[in-house]
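The values are calculated or read from the model by the stated rules, or taken from the named source; none is laboratory data. All figures in this text were calculated on a predicted structure; none of them were measured in a lab. Positions of Cβ are generated from backbone atoms using ideal geometry, with glycine treated the same way; all protein chains shown enter the neighbour counts.
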Amino acid sequence: MPQNEDLSPTKVAPSFRVSRRNFLRAAGAGAAGTALAAGTQLGAVPFGASRAAAQAAWDQEADIVVVGSGAAAFTAAVMAAELGSKVIMLEKAETIGGTTGKSGGGYWIPNNPHMREAGLTDPREDALRYMVKYSYRQYYNPDDPEGRFGAFPNDFALIEAMYDNASPAVEKLAEIGALQSFMSLTWDKKPTPDYMEHYPENKAPRGRLISVKPPEGATGGAGPEMIRQLSEAAEKRQVPVLTGHRVERVVVNDAGAVVGVEAATADGATVAVRGRKAVIFGSGDFTHDKWMVLHYQRGPMFGGCAVPTNEGDFVRIAGAVGAKMGNMTGAFHGQVVLEQALEFSSTPSDIFFITGDTSILVNRFGVRVVNEKRNYNDRTQAHFNWDATRGEWTNEVLFWIYDQRTADFWGGGYPIPAAGVEAPYLITGQTLAELSDKIDARLAEYTGRTGGVRLDSSFASNLDATVARFNAFARDGKDPDFLRGDFAYDREWPTSPPSNPDFKDAEWPSPDQPNITMYPIRSEGPYYAIAVGGGTLTTNGGPVINPKAQVVNTQDEPIAGLYGAGTCIASPSASAYWGGGSTLGPAVTFGYIAALNAHEESVKEV
Amino acid sequence: MPYSALVYRDLPPETSPARATIVALHGATGGLDDLVPLARSLGSDVRVVAPEAARGVYTVREMVAHTWYGGGRAGRPEPASFGDSLAQIERFVHDVRERAAEGEPALPWLLGYDQGAVLALALAAIAPDLVCGVMAVCGSLPTFSDPGLLEIVASDVPVLLVGDRSDTAPAEAELGATAERFKDLGGRVTTTWIDDARQLGPEVATALRTWLDGRLDH
């Protein structure tokens, strides 16, 4: 069957019956813009003007109110309840789990118990050096007389808090039966390497990624299993989770302390919920607020994997009580299949790996721009290159090019389709020249949604040269342009033996393959291309917290009664992905820290 | 360009001409090939088109499965991801129609299992003119907090509901409510209960084939 051949300008799209907008609204999403347009305030309200004051009663009361229901929120709720606080959780969506429920469920935990059991040491100072260098590369100073390796005081304190509390959080959650874990391994059964395992400062380059451990015999796992275990632990501790409750405002007393929240329900009611000690936000990022993405994020962005209810509510709410914002230009990035990012409200999946040893990524000039075997977060940075002369993002859309060898060996691993499977996003050509023409024709279909990206006239000839150059590197086993394959991460995660069962007995790596991440692209077609854009797993900017997970104001003083963890706050790692699980690791850790400290707070008068 | 972004397998009939086109929608944590054997068993003269949910699901070790939408139970979906998938399937059906060969039936039958059954029923309910009928195994019309979310207009669309006597989902009441909803709007509904229907074994195949043959002979 021909793929995507119908480029007829006379084709008239049918009138579709399904309105995604209605479903988004029903999901609790898509409200930010409309609410603001209608004058509804996301922010803060003095107690005297609140619903609780008007009706002389709160609708619900707890010691601690937790907003959200992902990893950070559930960890905070379970731990606070375990310590003896009465907790109530409010979730904006109709279902629990947030983006954690879509995730791989891995969490990056330095010096974790599984490492220690395996005899892997993870000294504190070396770990801090690694984390600071990766997070704040431009400031890193190993000889900093202040002992912070060049980081700003609060940034360094958060990294220290991460190291000091991550493993205790994991151990405590396991001890109380709330969340079990195991050490993640690569395809060749080694503890997984960090994403910059080759930094000389990284003295514990393997084993920090752990994953949620399902019960014996279970087939499910990952993020959904993490939510299942944590929600079960919350239920056992009598923590109610009210779904369909969008927190719109915090309620503050005369002293400026946060003493509760007001939430809107799906049927239009407002409920006032008191948090006698504190309110902890774990309410997710701002991926789906297009204005925030446009104005805060760097470069062109296509979609995001966060659940559609992640609309940056905490930015507006905490901003109203004077919170300091941080890392607003940051995100945990991932590459996405362009067509899918354009067609779904929440990008279904990111491109975790560029699989295949004959795969390359080229820009609209037909030139490689990145080591294709690096991790998703770092790889995506290549999209944000501004050309000062042309006045354009030269890498806004990249093209994953591969040949039949990769199609055969790794077909069926997303997004490379298995044999006999048609993928509307896949572009094919019998020659590289034909492939180039078809890529450009495809881009023409999307000009209204991509800023008009088209192939440069030099693309086809440059692609020939790029392939020839790559093939020479593959034969030599060395990639002097991008050092592909020089690092354990390149060789052990995105590179693996053929995953297609039909080729499981194929000889791989080939005897003439000195570098297992590269093999010469065939001189004969067919050739394949997938258009790839830069997107997010989640953004990771928001209110800044201190090492106690308290949200701070612009004077760096804690805002009494207000805590945050997860992707709704300014990320303690900035935008670095220290290793696999660098979204959930800090989320669990700072959710844990927030619970410990919120539990110790005194009851606040209203 | 196709309207849908879903990947799919398109299997022509073993014997021509095609008597029917079956769009086979897999269940939660599944893949596009899951229903192909069952769909193939409906006759050598059926064309089988099997799309795959776009959302990858991580299982114990690897991303090896796909799911149409979030939410705890198939019949109680998370609305946003459900809406995305329903919109994609509607577009996919248009693509299937446009790709139909000369002399081949353009309107497809929907065969769905679990989440796929829920989506098949939902599409048939809101756009009955796009399909010949629905075979829904272990699925019912979805329920949302807002009951008006699905603008159901189904008229005389034929529907086969297959429930699993050995499983609690969907419950008898849910299948019953689905049947009544379609009947109220002129649908012709048959409900069958089979032990271990979730295994998609020979009994299910026989029930589907018998029902489909009865409709095609008309």
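Quick notes on this structure:
- Exclusive hit being in contact with a helix residue (DSSP H, G or I) (Cβ under 9 Å, 6 or more places away or on another chain), surrounded by fewer than 24 Cβ atoms within 10 Å (Cβ to Cβ) and under 17 Å from A:Ala27 (Cβ atoms), set A:Ala272, A:Ala233, A:Ala266: A:Ala266
- Some residue of segment A:526-536 being at pLDDT 95 or above, within 30 Å of A:Asp476 (Cβ to Cβ) and assigned to a loop (DSSP other than H, G, I, E, B): yes
- Test set (1) under 20 Å from the mean Cα position of the chain (by Cα); (2) hydrophobic (A, V, I, L, M, F, W, C); (3) over 20 Å from A:Ala565 (Cβ atoms); (4) part of a loop (DSSP other than H, G, I, E, B) - A:Trp58 fails condition number: (1)
- Filter result for A:Glu225 (within 14 Å of another protein chain (Cβ to nearest Cβ), over 25 Å from A:Asn546 (Cα atoms) and not in a loop (DSSP other than H, G, I, E, B)): yes
- Residues that are outside any helix (DSSP H, G or I) and either small (Gly, Ala, Ser) or in contact (Cβ under 8 Å) with a residue 60 or more places away in the chain (or both), drawn from segment A:151-178: A:Ala151, A:Ile176, A:Gly177, A:Ala178
- The selection criterion, being within 14 Å of chain A (Cβ to nearest Cβ), surrounded by fewer than 24 Cβ atoms within 10 Å (Cβ to Cβ) and in contact with a helix residue (DSSP H, G or I) (Cβ under 6 Å, 6 or more places away or on another chain), holds for B:Ala28.
- Set B:Gly133, B:Gly187: member being modelled with pLDDT of 95 or more and either surrounded by fewer than 16 Cβ atoms within 10 Å (Cβ to Cβ) or in contact with a helix residue (DSSP H, G or I) (Cβ under 9 Å, 6 or more places away or on another chain) (or both): B:Gly133
- Segment A:478-531, residues that are closer than 17 Å to A:Gly413 by Cα, touching a helix residue (DSSP H, G or I) at 6+ places or on another chain (Cβ under 9 Å) and acidic (Asp, Glu): A:Asp502
- The lone exception for B:Ile152 - which of (1) under 17 Å from B:Arg215 (Cα atoms); (2) within 14 Å of another protein chain (Cβ to nearest Cβ) it fails: (1)
Per-residue answers, yes or no, for (1) within 14 Å of chain B (Cβ to nearest Cβ); (2) surrounded by fewer than 21 Cβ atoms within 10 Å (Cβ to Cβ); (3) of a type outside the set (Phe, Trp, Tyr):
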{"site": "A:Leu294", "(1), (2), (3)": "no, yes, yes"}
{"site": "A:Val321", "(1), (2), (3)": "no, no, yes"}
{"site": "A:Val336", "(1), (2), (3)": "yes, no, yes"}
{"site": "A:Arg379", "(1), (2), (3)": "no, no, yes"}
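- Residues (of a type in the set (A, V, I, L, M) and under 18 Å from the mean Cα position of the chain (by Cα)) located in segment A:505-544: A:Val532, A:Leu537
- Among the conditions (1) buried (at least 16 other Cβ atoms within 10 Å of the Cβ); (2) within 14 Å of chain B (Cβ to nearest Cβ); (3) at pLDDT below 95, A:Ala35 misses just one, which is (2).
- In segment B:56-80, residue modelled with the lowest pLDDT [restricted to those that are at the interface with chain A (Cβ under 7 Å from one of its Cβ atoms) and under 16 Å from B:Asp114 (Cα atoms)]: B:Gly72
- Segment A:470-500, residues that are free of Cβ contacts under 8 Å to residues at least 24 places away in the same chain and assigned to a helix (DSSP H, G or I): A:Ala472
- Flag: B:Ala205 matches the condition of being farther than 18 Å from B:Arg76 by Cβ and not in a strand (DSSP E or B).
- In segment A:98-115, of all residues being part of a loop (DSSP other than H, G, I, E, B) and in contact with a Phe, Trp or Tyr (Cβ under 9 Å, 6 or more places away or on another chain), the one that is nearest to the other protein chains (Cβ to nearest Cβ) corresponds to A:Gly104.
- Residues of segment A:394-422 that are in contact (Cβ under 8 Å) with a residue 24 or more places away in the chain and within 14 Å of another protein chain (Cβ to nearest Cβ): A:Ala407, A:Trp410, A:Gly411, A:Gly412, A:Gly413, A:Tyr414, A:Pro415, A:Ile416, A:Ala418, A:Ala419, A:Glu422.
Per-residue answers, yes or no, for (1) at the interface with chain A (Cβ under 9 Å from one of its Cβ atoms); (2) surrounded by 21 or more Cβ atoms within 10 Å (Cβ to Cβ); (3) touching a Gly at 6+ places or on another chain (Cβ under 8 Å); (4) not basic (Lys, Arg):
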position: B:Leu6; (1), (2), (3), (4): yes, yes, no, yes
position: B:Asp10; (1), (2), (3), (4): yes, no, no, yes
position: B:Arg19; (1), (2), (3), (4): no, no, yes, no
position: B:Asp34; (1), (2), (3), (4): no, yes, yes, yes
position: B:Pro37; (1), (2), (3), (4): no, no, no, yes
position: B:Arg47; (1), (2), (3), (4): no, yes, no, no
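- Output for segment A:116-150, where each listed residue is closer than 14 Å to A:Ala204 by Cβ and in a loop (DSSP other than H, G, I, E, B): A:Ala118, A:Gly119, A:Leu120, A:Thr121, A:Asp122, A:Pro123
- B:Glu90 being within 7 Å of another protein chain (Cβ to nearest Cβ) and not in a loop (DSSP other than H, G, I, E, B): yes
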